[in-house]
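Derivation of every value follows stated rules applied to the coordinates shown; laboratory data play no part. Keep in mind that this is a model prediction, so the values were computed, not measured. Note that each Cβ is placed from the backbone with ideal geometry, even for glycine, and that neighbours are counted across all protein chains shown.
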Amino acid sequence: MVLVLCIGDLHIPHRATDIPPKFKTLLVPGKIHHILCPGNLCTREVYDYLKTVCTDIHITRGNFDEAAAKYPEDEVSPWGNNEALALVQRKLDVDILISGHTHEFKAFKFEDRFLINPGSATGAYSDVVKDPKPSFVLMDIDGSKATVYIYELIDEEVKVEKVEFSKDD
Amino acid sequence: MDDHRIMTPQEEQVKWLQDASNSVKRNAFYMKRALDEDNLREALRYSAAMLVELRTSLLTPQKYFELYMQAFDELRHLEAFFKEEHSKGRSYADLYELVQHAGNVLPRLYLLCTVGSCFIRSKEAHAKDILKDLVEMCKGVQHPTRGLFLRSYLCQVSRGLLPDTGSEYEGDGGDINDALEFLLLNFTEMNKLWVRMQHQGSGKDRERKEGERQQLADLVGKNLTYISQLEGLDFKLYQEVVQGRMMEQVVSCKDEIAQQYLMQCIIQGFPDEFHLGTLPTLLAALPELQSGVKVHLVLASLLDRLSRFAATDASVVDQFNDSDAFGQLLGAATRVSEQHTEMPGADIAAMYIALANFVGAVYPDHLDHIDRVLQSCHEALAAHGDIREDRTEKQIIALLTLPLTSYDPVTVLGLSTYPRVMSLLKPATCKAMAVKIVQTILKVGTEISEPAQVDMLLDFIAPLVADVHMDDDDEEDFEDEQALVARLIHRLRANDPAQHYALLQTARERFSAGGARRLRHTLPPIAFAALGIVGRLAAAAPGAEACAPGALFRPSPKEVLQFVHQCAAQLAEAGENAEMALQLFLTAAQSASEHARLELIAYEFFEQAFILFEEAIPDSASERVALASIVGALQRCRIFPAEPRATLVHKATGYSAKLLRKADQCRAVLACSHLYWQDNCETTSEKLGEGGTAAAPKEDSGSPPFGDSEEDGSVASSSQPPVQDGEHVMMCLKRALKIAHAAQQQLAVALRSSDTLPAWLFVEILNHYLYYFDQGLSSISASVLQNLLELVANEMAGDNCQADAGLVAFYNNTLAHIAAQKAKPEKASLYDSLQV
């Protein structure tokens, strides 16, 4: 059993002050094994914070991350398009693709693979979605099965939903 | 065998204690043998000889205590014998006389105390008489250590024998007054002895003496503990007798150690109600204390007790108010700082911190009390010499930080006294305080919703907003500070978009003075906050802005977008921020297109982004990212009619040729193909549920008279149907193929034919063909796709490609995708003729 935190599009300080305190209390150090972040943190301070939650962080570069950060990148065009995401998924040959940018949470199965967009953990301003809700995703991966927990902040309350995926062999 | 070498003081102590202890043991042995033999005279003689050892002046208090405990234990045998004698018929009065024959005063008094306690217990004498006799006679020993231990012995053996209210010795034996008198007298005498210790011998080893005295403090304090434990001690007695006597002794002894210790003892030892009821007397003592006494600690523990007391019951706060406890406490602090001119500034500040803590705990809604604390503190410190010391400044920062967390920070900052206290700080410390203020506001989550509050807040954090004359700026600190300020901008918020906009305008004006290196931090958050307002304004129903009289003019979305434009332009001008400015222009362009539906404005934003792309993007890696962003943004925009759109798309597609590497060019062209093919899916406005084609706000009567007209693009227009231009898509795809071939040839020239990069590109191109095929693009027939499939298959057959596991996976995944599509019934007709 491996716990993977997917969190991205925080846009601190450009679009938001901080990760909501109610999220921070959930993100206790020592529980999470890996962090996957589809970019746009955007400062070192936020990176340092995520490091305290879990030291194993994999980050891609968002369009607002500074070039100096030297994260790997893969562009999707058109943005948020499922087919386009699937193309990237075929290219990277991955079972689960974590993407960002739209600030809209998504998790679904596409041709026996999974596409997950954890949304924006700060609910940052988006040119795609109006008033995005802060959200992040926690994956519990067990062999070919993944249980995906979606944490959303709605009216100052944390709501959790569960989606299960399994990969047929 | 004797050791004749010179011993260290510690070794000497051990040896002296050993010698004395041996003597005690020996004499105790003889004493007990005499007791066994029923020989009282001999027993008394040996016990006196044993007790003579306590006359030593050689031992430190710690070692003396060990010896005392040893003798104490031995005396219990004698006591038991006395009781036995008594039961055989000998009267205690007789014994009381008999022990006075001992030659030396110290042994005599120990024996007397021992018999005395038995005498009282037997009730053959009145407790009050014996106690009075003993406590008076102990005056015979005036050596500090010996006297202190003797009186401590007296205290110990008389415990439980006092004529306290409800005790069996009350009545003929006296009453609570006698019990109090005994303990108070013993306390006074012990304190005198304790203080005298300081003045004995040479003044050289003051530190050692002070250390020894600290060890003995609890012997003196024990008396106060016993007093506080008396059943008969009520408030009246405390107020009329006890407190006065104690305070008199504390003040008049004029000794720092004693005062420090005893004040704490009194505050901790007696009940809260007593303190509250006698506050004037207690507080009056504070300014009278010696200058070396840490009055702030005394006051802090009193305040701590009182605030915990207040927390027990709501009615306590009423009692506080009835006696104006706060006013008295504040007055005491003021008098202390006036009286003790040499008191360190840090300690004065600490005193006011204690008061602020008290106010925060007891009066969570009395900001006026905080105001008074700050004012008082300012007066005390302004007159003070060493306020610029680090220690003092630290305390002042703590004092200023305190109310920020317990009250609404913005209201606290609005107190007139707050800036006055802050002005006591050095400029560098002011900056640290500014950081504290910002951190607190972020932590508490306060919203700043009035332009005047923005101005005030920025005044407070002025050292962060613009340069003050300081050269010791650390680059990393600077970045952190500016990131804090940037985060603060999102706390400037108002429900009314007009008000919110006013806040941002005020902030931007102030930040503009901060110079280029600050602007790159502060402008983006302002611009994004403004874009949020555009969204709100555009989403509002057209009639909603009929605002109340006196309310702010509601700005038009266009006006706010112009503001964003200015921010982005200012950012670009500030240098080295081209990428951020470009991203801002692109985000604003989407807002103009999809939210506000202002075509010309959206066009202008794209144009500015293009200019930056052409002139200011520093390196090829950044160019690649910037172009991807341009294409991504433009692809989504639905506002442009055919002609302007063609111009923008043509330009963006042209940029792909500007990229340095062939692979980047190829991928950029593939991305550009989507500029000619918009999904038929929901548009943003439909997703928003508002705006849209019909509900787009028309010319709004409340907007400022800019002479808006159709020509300058301030009228919202409806979005265009999705573009699906198969011809241009094909041109892009073919160009991508051409570039991939060119890349292949280039590698061949460089003798790197085994590089699999071209094959990667071919598979990517194939995927894009598949995408458009699936979308029903008529120019991609099954045979066209078939040809491409074969081309890719041939490429993939090469050994180099087969060795690239990633590539093989990509290819196989693509084939699997085709197979999956073929398997879908609704796609069967489309994919039927395709052979894999």
Alpha-carbon centroid distance for the pair segment A:126-157 / segment B:154-211, whole angstrom: 71
Loop-resident sites, segment B:342-419, for GluC sites (Glu not before Pro), counting at most 11 other Cβ within 10 Å (DSSP): B:342
Debye, to nearest 20: dipole size of the protein assembly as shown, +1 on Lys, Arg Cβ, -1 on Asp, Glu Cβ: 1740
Highest-first arrangement of B:586-594, A:127-135, B:639-647, where packing means the average Cβ count within 10 Å: B:586-594, A:127-135, B:639-647
Listed pairs A:109/A:162; B:88/B:222; B:132/B:209; B:662/B:822; B:32/B:192; A:22/A:145 exceeding 25 Å between Cα atoms: B:88/B:222; B:132/B:209; B:662/B:822; B:32/B:192; A:22/A:145
Residues of segment B:271-299 with amide N under 15 Å of a point placed 7 Å along Cα→Cβ from residue B:341: B:291
Nonlocal amide H pairs with residue A:96, under 5 Å, H built at 1.01 Å: A:114
Residue-averaged 222 nm ellipticity for the protein assembly as shown, from DSSP H runs of 4+ at -39500 (n - 2.57), nearest 500: -19500 deg cm²/dmol
Chain B, relative contact order in percent, only Cα pairs under 8 angstrom and at least six apart counted: 5
Distance between modelled label sites at residue A:161 and residue B:426, nm, 7 Å Cα→Cβ extension: 5.7
Nearby aspartates and glutamates by direct alpha-carbon distance to residue A:133 (threshold 15 angstrom, same-chain neighbours under 8 apart not counted): A:9, A:18, A:104, A:152, A:155, A:156, A:157, A:161
Proxy reagent accessibility, fewest Cβ within 10 Å first, across A:17, A:52: A:52, A:17
Rounded to 10°, Cα long-axis angle of helix B:557-573 versus longest principal axis of chain B: 80
9 Å beta-carbon shell around residue B:102, net charge (K/R +1, D/E -1): +2
Spatial separation of Cα centroids for segment B:19-61 and segment B:551-606, in angstrom: 99
Estimated FRET transfer efficiency (residue B:248, residue B:30; beta-carbon r; R0 41 Å; 0.05): 0.30
Rounded tilt (10° steps) of B:451-460 against the dominant C-alpha axis of chain B: 60
Gain in span if fully extended, residue B:291 to residue B:210, counting 0.36 nm per residue against the direct Cα distance: 27.5 nm
Net lengthening on full extension, residue B:321/residue B:819 (0.36 nm per residue, minus Cα-Cα): 170.9 nm
Of the trypsin sites (Lys or Arg not before Pro) in segment B:206-274, those whose Cβ has at most 14 other Cβ within 10 Å and which sit in DSSP loop: B:254
DSSP-assigned coil residues among GluC sites (Glu not before Pro) in segment B:221-311, each with at most 16 further Cβ atoms within 10 Å: B:231
In sequence order, calculated HN-Hα J values of segment B:208-219 (Karplus, 6.51, -1.76, 1.60; Hz; x Gly/Pro): 4, 4, 4, x, 5, 5, 4, 5, 9, 3, 5, 4
Cross-link partners of residue B:25 among lysines (Cα-Cα below 19 Å; sequence separation of 8 or more within a chain): B:15, B:63
DSSP bridge pairs, chain A: antiparallel proportion in percent, nearest 5: 75
Potential extension, residue B:493-residue B:143 segment - 0.36 nm per residue separation minus Cα distance: 118.6 nm
Label-to-label distance, nm, for residues given as residue B:836 and residue B:133 (7 Å Cα→Cβ offset): 11.6
With Cα atoms, 0 to 90° folded angle of helix B:578-590 axis to chain B main axis: 70
